[in-house]
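The values are calculated or read from the model by the stated rules, or taken from the named source; none is laboratory data. Model, not experiment: these values are computed from the prediction. Glycine also receives a Cβ, built like all others from the backbone with ideal geometry; neighbour counts cover every protein chain displayed. When the accessible area is computed, the model is the full protein with side chains, heavy atoms only, and any ligands, DNA or RNA have been set aside. Shrake-Rupley method; radii C 1.70, N 1.55, O 1.52, S 1.80 Å.
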Amino acid sequence: PEDTVTGSFASFISAARPEHLSQTVRQRSKRMILDSLGVGLVGSTTRVFDIALRYCRLYSSVAVSSVYGKPGVKLSPTLAAFTNGVATHSMDFDDTWHPATHPSGAVLPALLAASQMLPQNTKPNGLDFLLAFNVGLEVQGRLMHFSTEAHDIPKRFHPPSVVGTLGSAAATAKLLSLSSAQCCHALGIAASLAGAPMANAATQAKPLHVGNATRLGLEAALLAARGMEANPLILDDIPGCSGFSAFYGVYQPKPLPAPGQQDHQFLLEKQDIAFKRFPAHLGMHWVVDAALSVRNLFVNYAGSFSPALIRSILLKIPVSKYINRPFPSSEHQARHSFQFNACAALLDGEVGLGSFSESSIQRQELRELLGKVVVEHPEDNVANFDKMYGEVALLLHTGDVLTGKCDTFYGHWRKPLSKESLLKKFRSNASHVLPEEKVEAIIALVDNLEDLSDSSQL
């Protein structure tokens, strides 16, 4: 029934039309698509991507969908979605929303794969593609707002493996023009395929969470299209029988208003997305900006950056166990270490792709700096991407103290990247695997996505 929470979501997915997307929503989502494509392309150069691709090629029987960074290589739609999802999150370089999740990587690869899967005479155009992408974002955002637990840095489930799977199912269901009843079943099927534990953060398994979200959401929509049914109350709060509420300790669902109604506004209209300037967990961006700020003070104070003058380094950060890593030993641990990112920024004056190589991680001067780090958790510094801050203080042997603090880093939704910065990031990422003319062609395609007659050209 449409008066249930699940029914309202299914009706929304089915009823959404291109005219419901405002100019702001279109522009913000196109920025997300471009950034995610670039992140996926550079992610196709990683070891974890190679492992995933080699695995998928064992099962590639209907090879119609393209793979990031691998000209001429095609896989079945679901495995292409999986592989490209892994690429997108392989460096933890993809976009982040609040409440916390990585929305684009869980949706975009499924839509790219599905658009290539469909027969030539039923290919979705660019506007259909953009609408489906935004439906996938909206479902993820609405689901996260059902729980206060989702507003903080996660402890139990990795959010894209939960809401991302349903977002992928919703987006694909929209692209495939499923009925409201089929959309309802797609969400229910996806809920049975969702979830991954946070303990696998900072390992090669973490990118699988995004790969699985986009793949399994696509599979859920394909199964629903072929008649598979699931619980039509999967998103509702049914006492004594957990549906989607199984993923959250506190769960208070609300119906999703129909698109175009006065009481509905796309969440992307209200809040922009955070784009990362370097490939690491979002929390690292606060401490890096704080470290760069105090580094400038130090250079003005001493004439150059001299670690020997530093007695200790004080980090004031929120409590979050999986990103509090004093001595990371791998690239994935380093991407999830407040200590490493602060010290790398202090030592090098920047954090970038090369910061997470094995040689960079194992540098003696970096290890010595890590040995000087002391961590404090102020009560007002909460583990929440909308409220947290990063503070880095250098206690010098002279007794002087220099302090840098960041409340909102450049790239946060409150301080969005400029068009120039986003294009610079995309060009830098995509150029690792594509020639310049291809890079510029993608920029033009995404910028004019509404005018694209066949979205599979992406």
Requested in this report: Give, in nm to one decimal, the length gained when the segment between Leu297 and Asn121 is fully stretched (0.36 nm per residue of separation minus the Cα-Cα distance).
Outcome: 57.2 nm
Query raised in the report: If you take the square roots of the eigenvalues of the alpha-carbon gyration tensor of the range 282-406 and sort them as a ≥ b ≥ c, do you get rounded (a/c under 1.5), prolate (a/b over b/c) or oblate?
Result: oblate
Query - Residue-normalised accessible area of the range 282-406, expressed per residue, 1.4 Å probe, Å² - result: 42
Query raised in the report: Calculated FRET efficiency, Ala444 and Gln364, Cβ-Cβ r, R0 41 Å, to nearest 0.05?
Result: 0.30
Query raised in the report: In whole Å, what three semi-axes, largest first, describe the equivalent ellipsoid of the chain built from its Cα gyration tensor (square root of 5 times each eigenvalue)?
Result: 38, 24, 19
Query raised in the report: For Asp400 and Ser329 in one chain, what is 0.36 nm times their gap in residues minus the Cα-Cα distance, to one decimal in nm?
Result: 22.4 nm
Report task. Identify the trypsin sites (Lys or Arg not before Pro) of the range 133-218 meeting these criteria: DSSP loop state and at most 16 other C-beta atoms within 10 Å of the C-beta. Result -> Lys155, Arg156
Query - Distance-filtered residues of the range 240-283 - backbone nitrogen under 12 Å, label point 7 angstrom along His432 Cα→Cβ - result: 278-280
Report task. Pop out the carbon and sulfur fraction of the accessible area of the chain as a percent, whole number, probe 1.4 Å. Result -> 50
Report task. Could you rank the peptides 66-78, 41-53 by their average count of other C-beta atoms within 10 Å per residue, with the highest value first? Result -> 41-53, 66-78
Query raised in the report: Which log10 I(q)/I(0) values, to two decimals, does the range 350-458 give at q = 0.20 Å⁻¹ under the Debye formula with one point per Cα?
Result: -1.21
Query raised in the report: lysines near Lys415 by alpha-carbon distance under 28 Å, same-chain residues fewer than 8 away left out - which ones?
Result: Lys30, Lys155, Lys206, Lys270, Lys276, Lys316, Lys321, Lys387, Lys405, Lys424, Lys425
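Using a 1.4 angstrom probe with every protein chain in place, what is the largest-first accessible-area order of Lys438, Lys276?
From most exposed to least exposed: Lys438, Lys276.
Just to be sure I understand the rule: take each whole DSSP H helix in the chain, project its Cα atoms onto its long axis, keep it if the span is 24 Å or more and its mean Kyte-Doolittle hydropathy is at least -1.0. Which ones pass?
Helices meeting the criterion: 23-43, 126-144, 206-225, 284-302.
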Requested in this report: Treat each spin label as a single point 7 Å out from the Cα along the C-beta direction, and report the Glu376 to Cys241 distance in nm.
Outcome: 5.3
Requested in this report: Using +1 at the Cβ of each Lys and Arg and -1 at the Cβ of each Asp and Glu in the range 86-164, identify which of Gln116, Ser90, Val135 lies farthest towards the dipole's positive end.
Outcome: Gln116
**Report entry** Inter-part distance where the range 173-201 and the range 327-403 are each reduced to a Cα centre, Å
**Finding:** 38
Requested in this report: With unit charges on the beta carbon (Lys/Arg positive, Asp/Glu negative), name the residue among Leu235, Ile443, Pro328 whose Cα is farthest towards the positive pole of the charge dipole of the chain.
Outcome: Pro328
